[in-house]
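The values are calculated or read from the model by the stated rules, or taken from the named source; none is laboratory data. These numbers were taken from a predicted model, which means no experiment stands behind them. Methodologically, a virtual Cβ is constructed for each residue, glycine included, from the backbone with ideal geometry; neighbour enumeration extends over all protein chains shown.
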Amino acid sequence: MNYRHAYHAGNFADVVKHAALARLVEYLKQKDKAFRVLDTHAGIGLYDLSSDEAQKTGEWREGIGRIIDAPLPPQAATLLSPYLDAVRDVNLAGRLTRYPGSPAIVRHLLRKQDRLSAIELHPDDAGRLARHFAGDFQTRVIELDGWLALGAHLPPKEKRGLVLVDPPFEEEGEFGRLLDGLARAYRRWPGGIYVLWYPIKDRRAVDAFRAGLAAAGIAKILDLRFEIRSPSPEPRLDGTGLIVVNPPFTFENEIRVVLPALHRLLAEKPAARWSVEWLAGERPGATATGA
Ligand code: SAM
């Protein structure tokens, strides 16, 4: 396990993933009934953007750095405000020096009846995450293999909520593990919302993953793809993908407002595209795209 998210925190992929995650959590808050978020690859929770790691890549400058103070169309600004408020909450006014990871963003949005289970396998990161949430009775930090958690921790006793699966993709076979993990989790809890992150880097692997999902027998799958540049000759993170299983009925329309607004600020030209496509479900094959 060499992957360190500190090099990448706040990059364009984090922005898209966390903006979508915040919309889904906000949807769950529409009912009083408690829900749980299970974050299977949680990271350390809070990232110092002045650290050597973050400064070395500077990825956050081309991600959250371009968004936090940017003028946004009114509807997109409203939809993005829960996410951007979570980022502002860990920073002093007017200065961007820290970035919250997925568990910190989710925790910022929870009500008092809701719960978060944050799973992290790397012992140092799990330790830092546990210290971050020390004394917080709504959050449980567990040092565990996230793939195991998909079996052992589902369904949650609240019977409402979402599962974020955000693996590092540092080893071969991660697409396969995502497919298997989702199939296992879905069998245990078909009613949950699942969010799976994937890189758009190896296009053939992405195509095979999408085909595998479409054939998985899962009722509703929405695929968001957000590319910041046309395919690079060398393997490079050209885009970010998100699979959303069981998206709430409001989500597709919201994300069609959010993605183009983010794309205008984050995409390099030329030929960068975003898309929203049903792989299974209400309108299979229906696509919204933009450049
Ligand atoms: N979800 C985080 C966020 O959005 O802020 C970022 C997570 S980062 C992409 C992936 C994390 O998974 C790393 O912190 C890594 O240490 C951890 N990890 C790697 N393999 C794991 C496994 N099998 N189970 C749980 N965590 C794992």
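Structural remarks
- Test: Ala22 is in a helix (DSSP H, G or I), among the aliphatic types (A, V, I, L, M), within 13 Å of the ligand (Cβ to nearest atom) and surrounded by fewer than 24 Cβ atoms within 10 Å (Cβ to Cβ): no
- Across the range 190-206, the number of residues qualifying as surrounded by fewer than 19 Cβ atoms within 10 Å (Cβ to Cβ) and closer than 21 Å to Arg23 by Cβ comes to 1.
- Of the criteria (1) at pLDDT 95 or above; (2) within 11 Å of the ligand (Cβ to nearest atom), which one Met1 fails: (1)
- Leu110 being modelled with pLDDT of 95 or more and either within 14 Å of the ligand (Cβ to nearest atom) or surrounded by fewer than 17 Cβ atoms within 10 Å (Cβ to Cβ) (or both): no
- For the range 127-165, filtered to residues that are free of Cβ contacts under 8 Å to residues at least 40 places away in the same chain and of a type in the set (A, V, I, L, M, F, W, C), the residue that is farthest from Leu182 (Cα to Cα) is Ala134.
- Taking the range 258-286 as the range and being surrounded by fewer than 19 Cβ atoms within 10 Å (Cβ to Cβ) and of a type in the set (A, V, I, L, M) as the test, the residues that pass are Leu265, Ala271, Ala272, Ala280, Ala286.
- Qualifying positions in the range 39-84 - within 16 Å of the ligand (Cβ to nearest atom), aliphatic (A, V, I, L, M) and surrounded by 18 or more Cβ atoms within 10 Å (Cβ to Cβ): Ala42, Ile44, Leu49, Ala54, Ile64, Ile67, Leu84
- Output for the range 81-107, where each listed residue is over 19 Å from Leu24 (Cα atoms), in a loop (DSSP other than H, G, I, E, B) and touching a His at 6+ places or on another chain (Cβ under 9 Å): Val90
- Between Glu282, Glu252, the distinction of being under 20 Å from Leu21 (Cα atoms) and either acidic (Asp, Glu) or assigned to a loop (DSSP other than H, G, I, E, B) (or both) belongs to Glu252 only.
- Selected residue (criterion: farthest from Ser81 (Cα to Cα)) from residues of the range 26-38 that are more than 13 Å from the ligand (Cβ to nearest atom) and touching a helix residue (DSSP H, G or I) at 6+ places or on another chain (Cβ under 6 Å): Phe35
- Options Thr289, Thr240: the member that is hydroxyl-bearing (Ser, Thr, Tyr) and touching a Ser or Thr at 6+ places or on another chain (Cβ under 9 Å): Thr289
- The lone exception for Gly10 - which of (1) assigned to a helix (DSSP H, G or I); (2) touching a residue at least 40 places away in the same chain (Cβ under 8 Å) it fails: (1)
- Per-region count, the range 93-107, residues of a type outside the set (S, T, N, Q), under 20 Å from Ser50 (Cα atoms) and either surrounded by fewer than 20 Cβ atoms within 10 Å (Cβ to Cβ) or more than 9 Å from the ligand (Cβ to nearest atom) (or both): 5
- Within the range 45-80, the set of residues being out of contact with any strand residue (DSSP E or B) (no Cβ under 9 Å at 6 or more places or on another chain) and outside any helix (DSSP H, G or I) comprises Ser51, Gly58, Ile68, Asp69, Ala70, Pro71, Leu72, Pro73.
- Considering residues of the range 218-249 that are touching a helix residue (DSSP H, G or I) at 6+ places or on another chain (Cβ under 8 Å) and part of a loop (DSSP other than H, G, I, E, B) only, the residue modelled with the lowest pLDDT: Pro231
- Any chance Ala208 is under 20 Å from the mean Cα position of the chain (by Cα), away from the ligand (no atom under 16 Å from the Cβ) and either not β-branched (Val, Ile, Thr) or not in a helix (DSSP H, G or I) (or both): no
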